[in-house]
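The block underneath contains the structure these notes are about, expressed in structure tokens.
The values are calculated or read from the model by the stated rules, or taken from the named source; none is laboratory data. Values in this document were obtained by computation on a predicted structure and should not be read as measured data. Ideal geometry is used to build each Cβ from the backbone, glycine not excepted, and the neighbour counts take in all protein chains shown. Calculation scope for accessible area: heavy atoms of the full protein, side chains included, ligands and nucleic acids excluded. Shrake-Rupley method; radii C 1.70, N 1.55, O 1.52, S 1.80 Å.
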Amino acid sequence: MEAVPARARAYVACVAVAALLCLLPLPTVRTPWWALALLAALYAGCEQVAARWRFAGTFYPVLLAGAFLLPPPAAALVALPGALLSPAERRPRGLRRIWRAAQLAVSGWAAARVHWATGGRDAVVECDFPYALVPAGIAVLVFCLVLSLLDGGILALADRIPVRRAWRGLFLRSLAPVVVHGLAGLMMAVLWRSPYGPVAALLVLLPMCVSWWVFAQYHRERAAHQATIRALVQAVDIKDEYTRGHSERVGQASMMIARELGMDDARIEVLRFAGILHDVGKLGVPTRLLRKDGPLTPEERRVIELHPEYGHEMVRGISFLGEARAAVLHHHERLDGSGYPYGLRGGQIPESARVVAVADAFDAMTSTRSYRRARPVGAALEELERCAGSQFDPRMVTALVRALTRHGWHPAVTADEAGEVDEAGVPRPRPTIAGRPGARR
């Protein structure tokens with residue numbers, strides 16, 4: 001069983017007690033039990049389908065329809081059977097089920113309470129549009145806010161993440177999908193109260209299920225992309241053990257530069273791929289050259305300089321990489337035209353390659369080699385600024401400096417980098433060996 005801190009268990013217990021308190025008034029309120037049973041069964045079925053599709057998510061339209069149709073204690077009960085019976089992939093499974101059930105019960109109760117307090121029940125019964133959208137929108141916001149607050153709390157306590165960082169962005173990231181699910185839940189509630197009855201309400205779920213299935217396929221495809229990239233990087237790490245972990249760190253630095261430049265999320269992801277895969281062409285270089293300790297001969301250097309072209313040949317058929325393929329080919333070009341493989345100059349070098357070139361050089365200087373120790377981050381940034389305009393794009397250097405000033409440099413130790421472990425079982429990072437700015441490896 002995975003260890004869960006005592007304070008996290010206490011937090012889950014407190015949320016579970018809060019959920020029970022939400023349910024206490026249930027015997028005293030007028031509840032349409034058949035509607036409650038149908039919604040609870042429907043939600044439980046949706047959770048089982050989600051588990052079969054291996055889709056990480058919750059089908060909120062049914063829960064929000066319950067918040068719009070039922071009294072608050074009954075709305076809190078809708079989620080319990082499905083959450084308690086749904087499979088949990090990670091241990092401790094029982095604690096995870098209790099946490100999810102309690103979290104959804106409290107969020108559903110809060111949404112229903114606000115919806116009823118703002119006159120939403122009458123608006124739904126009378127199909128009073130567009131006024132019905134106002135209390136429903138407020139209820140959805142409250143539902144999302146409570147979910148985010150509870151999620152941030154468990155992240156801070158269970159994963160020991162700083163409180164501000166645990167809550168940062170949670171609400172905004174979850175708001176859009178919850179709003180869409182809220183609109184579907186409102187349509188279900190209105191049709192449920194119409195002369196057509198619950199059968200018509202269930203039809204609302206058909207397009208939602210289709211969109212959910214499509215989204216699940218997207219996540220599967222994304223996971224397959226990640227697995228493809230991981231396999232290529234692992235192959236490079238095995239072949240060139242001295243640069244193990246270098247690719248992951250270059251991907252991280254490339255992502256930081258892209259964010260600082262204001263690129264959209266899709267392009268940031270592509271540039272992360274570019275950084276991770278920039279040295280994949282080393283698979284085509286003889287191992288004896290990659291692991292040679294002494295200086296390279298001119299002939300050996302020319303062989304090493306073929307690795308960008310080898311890498312481009314390997315990835316050019318992988319369509320989802322987009323402009324990352326150009327970065328793999330051109331990340332050793334220099335603004336003054338003295339780089340390789342084609343000696344491109346200035347704006348001829350693709351922007352993605354200019355990003356990766358700076359990220360690659362930065363990690364090379366801040367990593368340990370067999371013949372020298374790693375430079376401090378400040379010294380590496382000074383070297384990048386010195387070479388800006390001749391070797392590196394000044395915009396990319398400035399973006400990296402700003403990003404590191406704001407966030408610092410905290411390269412994660414991946415499983416592939418891990419060597420020995422300490423007494424607590426935490427992996428110690430291996431010394432990494434990478435090229436320096438201007439080096440031809």
Go over the candidates V163, V190 one by one and state the one that is out of contact with any Gly (no Cβ under 7 Å at 6 or more places or on another chain) and farther than 27 Å from R121 by Cα.
V163
A careful count of residues in segment 130-158 that are farther than 20 Å from A75 by Cβ and either part of a helix (DSSP H, G or I) or hydroxyl-bearing (S, T, Y) (or both) gives 8
Polar (S, T, N, Q), open to solvent by less than 70 Å² (accessible area, probe 1.4 Å) and in contact (Cβ under 8 Å) with a residue 40 or more places away in the chain, is that true of S107?
yes
Under 6 Å between Cβ atoms, at least 6 apart or on separate chains: pull out the pairs that start in segment 328-346 with a residue that is among the aliphatic types (A, V, I, L, M) and end on any residue that is crowded, with 22+ Cβ neighbours inside 10 Å and at pLDDT 95 or above.
L344/E333
The one condition L39 fails out of (1) open to solvent by 10 Å² or more (accessible area, probe 1.4 Å); (2) more than 25 Å from A10 (Cβ to Cβ) is (1)
Single unsatisfied condition, F55 versus (1) modelled with pLDDT under 95; (2) more than 26 Å from the chain's Cα centre (by Cα); (3) farther than 21 Å from P198 by Cα; (4) of a type in the set (F, W, Y):
(2)
Please go through segment 185-241 and give me each residue that is open to solvent by 60 Å² or more (accessible area, probe 1.4 Å) and assigned to a loop (DSSP other than H, G, I, E, B), ordered by number.
P195, Y196
When every residue in segment 91-128 that is acidic (D, E) and outside any helix (DSSP H, G or I) is compared, the one nearest to A75 (Cα to Cα) is E126
Being closer than 22 Å to V285 by Cβ, in a helix (DSSP H, G or I) and out of contact with any Cys (no Cβ under 6 Å at 6 or more places or on another chain): is that true of A399 here?
no
Counting only residues that are hydrophobic (A, V, I, L, M, F, W, C) and more than 17 Å from L63 (Cβ to Cβ), which one in segment 110-128 is least open to solvent (accessible area, probe 1.4 Å)?
A123
Among the candidates D151, D128, which residue alone is in contact (Cβ under 8 Å) with a residue 12 or more places away in the chain, touching a helix residue (DSSP H, G or I) at 6+ places or on another chain (Cβ under 8 Å) and charged (D, E, K, R)?
D151
For the structure I just gave you, tell me whether S174 is under 25 Å from L85 (Cβ atoms), open to solvent by 30 Å² or more (accessible area, probe 1.4 Å) and under 24 Å from the mean Cα position of the chain (by Cα).
yes
Being at pLDDT below 90, polar (S, T, N, Q) and under 29 Å from the mean Cα position of the chain (by Cα) narrows S367, S352 down to just S367
Those residues of segment 249-278 that are free of Cβ contacts under 8 Å to residues at least 60 places away in the same chain and either open to solvent by 50 Å² or more (accessible area, probe 1.4 Å) or touching a Pro at 6+ places or on another chain (Cβ under 6 Å) (or both) come to a total of 5
Hey, could you check segment 1-33 for residues that are open to solvent by 90 Å² or more (accessible area, probe 1.4 Å) and aliphatic (A, V, I, L, M) and say which is nearest to L70 (Cα to Cα)?
L24
Here is a list of conditions, (1) among the hydrophobic types (A, V, I, L, M, F, W, C); (2) open to solvent by 50 Å² or more (accessible area, probe 1.4 Å); (3) touching a Ser or Thr at 6+ places or on another chain (Cβ under 8 Å), and L141 meets all of them except one; can you say which number that is?
(3)
